[in-house]
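S.K.: Below is a structure I'd like to ask you about.
The values are calculated or read from the model by the stated rules, or taken from the named source; none is laboratory data. Quick caveat, the model's predicted, so the values are computed rather than measured. With ideal geometry, Cβ positions are generated from the backbone for all residues, glycine too; neighbour counts draw on all protein chains shown. Accessible surface areas use protein heavy atoms only, side chains included; no ligands, DNA or RNA. Shrake-Rupley method; radii C 1.70, N 1.55, O 1.52, S 1.80 Å.
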Amino acid sequence: MLRLEAMSCGYGPFSAVAELTLQVAEGSVFALIGANGAGKSSTIMAIAGHVDLHGGSITFDGRNLSGVPARQRVRAGMGLVPEGRRLFSDLTVDENLTIGGYCRAAERTPENRARVLDLFPRLKERLDQAAGSLSGGEQQMLAMGRALMTEPRLLMIDEVSLGLMPKMVDVCYDVIRRLKDRGITILVVEQNTSRALEVADHVCVLESGRQVWQGTAAEARADSGLVEAYLGLAEAQ
Ligand SMILES: Nc1ncnc2c1ncn2[C@@H]1O[C@H](COP(=O)(O)OP(=O)(O)OP(=O)(O)O)[C@@H](O)[C@H]1O
Ligand SMILES: [Mg+2]
């Protein structure tokens with residue numbers, strides 16, 4: 001479904017990620033992991049069209065996304081939960097969800113809203129509350145819900161568990177499993193490696209903008225050298 005071929009991206013002259021090649025199969029969960037500054041967010045933002053491509057290619061459903069604006073990528077079926085969530089903090093939960101659906105599937109906003117509230121019942125009790133006054137876990141639920149309003153076929157989530165209580169992390173990963181069961185393809189960025197390995201089919205480890213390891217989650221768990229060198233390190237942070 002998603003293919004990166006020697007993808008390089010960055011900011012002006014600065015290169016954040018160099019020659020990354022990966023494929024995300026339809027219906028799978030792919031985890032991008034690595035320490036701070038490894039280039040995880042830059043990769044996800046380049047896929048979403050918010051960071052400049054410096055070389056190589058990104059294809060989605062066989063279509064080369066070079067020059068395709070971010071908004072059209074959403075219309076093509078990409079949903080993004082950005083790092084830091086970037087909610088409209090002065091707007092209510094309900095308004096954030098409604099805005100989420102503007103770009104794609106606006107005509108199905110009521111159905112999609114009902115589906116999101118079914119996935120996250122906690123949001124139902126807080127529809128009129130300002131997004132900025134939600135707890136961290138509730139904000140993550142809202143950010144995921146807002147992205148789901150566009151009926152994405154590929155959902156990209158940057159830092160699922162960062163700063164969340166274990167119970168909230170459980171809720172978010174439970175939803176990820178349910179979305180996978182519905183056939184949604186998921187790309188997660190995680191520093192909590194063990195959580196990512198529980199749900200992922202494939203794993204790519206980045207270090208200083210370069211891919212240092214790639215394989216199945218089972219292979220990652222079985223590779224003690226890898227766990228020691230990268231996975232344990234990422235988890236400790
Ligand atoms: N807006 C920006 N302008 C310039 N450089 C940036 C910008 N955002 C990120 N970078 C740089 O790109 C590199 C990769 O950063 P990125 O945010 O992609 O890493 P990350 O793996 O997501 O890290 P973290 O785990 O801290 O979120 C870093 O060296 C960072 O300083
Ligand atoms: Mg990041």
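S.K.: Normalised by the number of residues in the range 1-96, what is the relative contact order in percent for Cα pairs under 8 Å and 6+ residues apart?
M.R.: Details: 130 pairs, mean separation 28.4, N = 96.
About 30 percent, as a whole number.
S.K.: Could you tell me the distance between the Cα centroids of the range 120-156 and the range 190-205, to the nearest Å?
M.R.: Taking the Cα centre of each part, the range 120-156 and the range 190-205 sit 22 Å apart.
S.K.: What is the spin-label model distance, in nm, from residue 133 to residue 63 if the labels are put 7 Å beyond Cα along the C-beta direction?
M.R.: Output for this residue pair reads 4.1 nm.
S.K.: With an 8 Å cut-off on Cα pairs and a minimum separation of 6 or more residues, tell me the relative contact order of the range 13-66 in percent.
M.R.: On the way: 26 pairs, mean separation 14.8, N = 54.
So the answer I get is 27 percent.
S.K.: Still on this model: Under 15 Å between alpha carbons, and skipping anything fewer than 8 positions from residue 124 in its own chain: which aspartates and glutamates qualify?
M.R.: Partners within reach: 94, 95, 111, 138.
S.K.: Hey, another quick one. Kindly express, to the nearest 10 degrees and within the range 0 to 90, the angle between helix 166-181's C-alpha long axis and the longest C-alpha principal axis of the chain.
M.R.: Rounded to the nearest ten degrees, it is 90.
S.K.: Given a 1.4 angstrom probe, I'd like the percentage of the accessible area of the range 112-228 that is carbon and sulfur, rounded to a whole number.
M.R.: On the way: 2280 of 4820 Å².
Roughly 47 percent of what the probe reaches on the range 112-228 is carbon or sulfur.
S.K.: Sticking with this structure for a sec: Per residue, how much accessible area does the range 87-152 show when a 1.4 Å probe rolls over the protein heavy atoms, in square angstrom?
M.R.: Values: 2880 Å² over 66 residues.
So the range 87-152 comes to 44 Å² accessible per residue, rounded to a whole number.
S.K.: Per residue, how much accessible surface does the range 20-60 expose to a 1.4 Å probe? Answer in Å², no decimals.
M.R.: On the way: 1290 Å² over 41 residues.
With the other protein chains kept in place, the range 20-60 gives 31 Å² per residue.
S.K.: Quick check: residue separation of residue 72 and residue 167 times 0.36 nm, minus the Cα distance between them. What number comes out in nm? All intermediate terms of the calculation are to be shown ahead of the outcome.
M.R.: Values: separation 95, 0.36 × 95 = 34.20 nm, distance 3.53 nm.
Contour length minus the Cα-Cα distance gives 30.7 nm.
S.K.: If each residue of separation counts as 0.36 nm, what is the full-extension length gain between residue 115 and residue 21 once their alpha-carbon separation is subtracted?
M.R.: Values: separation 94, 0.36 × 94 = 33.84 nm, distance 3.44 nm.
Once the chain is fully extended between residue 115 and residue 21, it gains 30.4 nm.
S.K.: Relative contact order, percent, of the range 87-152 when contacts are C-alpha pairs under 8 Å separated by at least 6 residues? Mind showing how you got there, number by number?
M.R.: Numbers: 83 pairs, mean separation 36.4, N = 66.
Averaging sequence separation for qualifying contacts and normalising by length gives 55 percent for the range 87-152.
S.K.: Can you run phi through the Karplus equation (6.51, -1.76, 1.60; θ = phi - 60°) for the range 132-147 and list ³J(HN,Hα) in whole Hz, with x for Gly and Pro?
M.R.: These are the phi-based 3J(HN,Hα) values: x, 9, 6, 5, x, x, 5, 5, 5, 4, 5, 5, 5, x, 4, 5 Hz.
S.K.: Of the GluC sites (Glu not before Pro) in the range 102-155, which ones lie in a loop per DSSP and count no more than 11 other C-beta atoms within 10 Å? Let's see the in-between values first.
M.R.: Details: sites: 107, 111, 125, 138; in loops: 125.
Loop-located and lightly packed - 125.
S.K.: State the extension gain, in nm to one decimal, for the chain segment bounded by residue 83 and residue 223, taking 0.36 nm per residue of separation less the distance between their alpha-carbons. Present the calculation step by step, with values, prior to reporting the outcome.
M.R.: Numbers: separation 140, 0.36 × 140 = 50.40 nm, distance 2.87 nm.
Here the answer is 47.5 nm.
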